[in-house]
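The values are calculated or read from the model by the stated rules, or taken from the named source; none is laboratory data. This structure is a prediction, so every number in the text was calculated from the model and none was measured. All Cβ positions, even for glycine, are placed from backbone atoms using ideal geometry, and neighbour counts span all protein chains on display.
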Amino acid sequence: MMWSRRCWVCAVLLVGLWTSPAVAQQHWIRFHFGGEFSDAQVAMLTTWINDTCRPDEMGHIAGFSYQEAPGRPLNLQVYCRQGESGKLGKVKVVRTAYPSEFPLEIPLSLTVSTERAVILGFNVTKMTGLMDPPSGTVVMVVKE
């Protein structure tokens with residue numbers, strides 16, 4: 001009797017482990033961009049999030065950016081968990097210049113919770129030295 005319970009539990013766990021990654025991968029989609037991130041790319045990414053992904057919450061959007069060096073092309077990866085209902089509503093992608101002063105000053109209304117904004121990455125345009133803070137733009141998604 002005990003052996004059959006163990007076999008049943010192991011079988012259920014194996015099926016769960018086998019199906020879970022497949023289910024998770026079906027719902028996350030990716031947007032990749034490499035190059036100058038201009039207004040056209042901002043509009044394209046905004047449309048992709050609102051029309052293709054339609055996330056259910058702001059936490060279903062994540063970003064990763066990298067550059068070879070300051071001023072070099074931005075490589076941006078955006079991951080979005082596709083929603084059934086799109087209950088998050090419309091969002092927009094914005095670029096905000098960050099000054100040569102740190103910490104990065106983002107309006108307090110955007111930093112209170114992740115329900116209102118998600119930072120996707122940074123486009124560093126200038127870095128003069130180790131002691132001088134960099135400058136560039138921050139790319140983020142905000143709720144309309």
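Of the helices (runs of 4 or more DSSP H) entirely within the range 1-119, those holding at least 2 residues that are modelled with pLDDT of 90 or more and within 17 Å of Met140 (Cβ to Cβ) occupy 39-47.
A count restricted to the range 127-144 and to residues that are touching a residue at least 24 places away in the same chain (Cβ under 8 Å) and out of contact with any strand residue (DSSP E or B) (no Cβ under 7 Å at 6 or more places or on another chain) stands at 3. If you go through the range 120-134 and keep only what is surrounded by 15 or more Cβ atoms within 10 Å (Cβ to Cβ) and at pLDDT 85 or above, you end up with Leu120, Gly121, Phe122, Asn123, Val124, Thr125.
Under 8 Å between Cβ atoms, which residue pairs at least 6 apart in sequence (or on different chains) link something in the range 46-69 that is hydrophobic (A, V, I, L, M, F, W, C) with a partner that is in a loop (DSSP other than H, G, I, E, B) and surrounded by fewer than 18 Cβ atoms within 10 Å (Cβ to Cβ)? That search, which allows pairs on different chains as well, returns Cys53/Gln82; Cys53/Gly83; Met58/Thr114; Met58/Glu115; Met58/Arg116.
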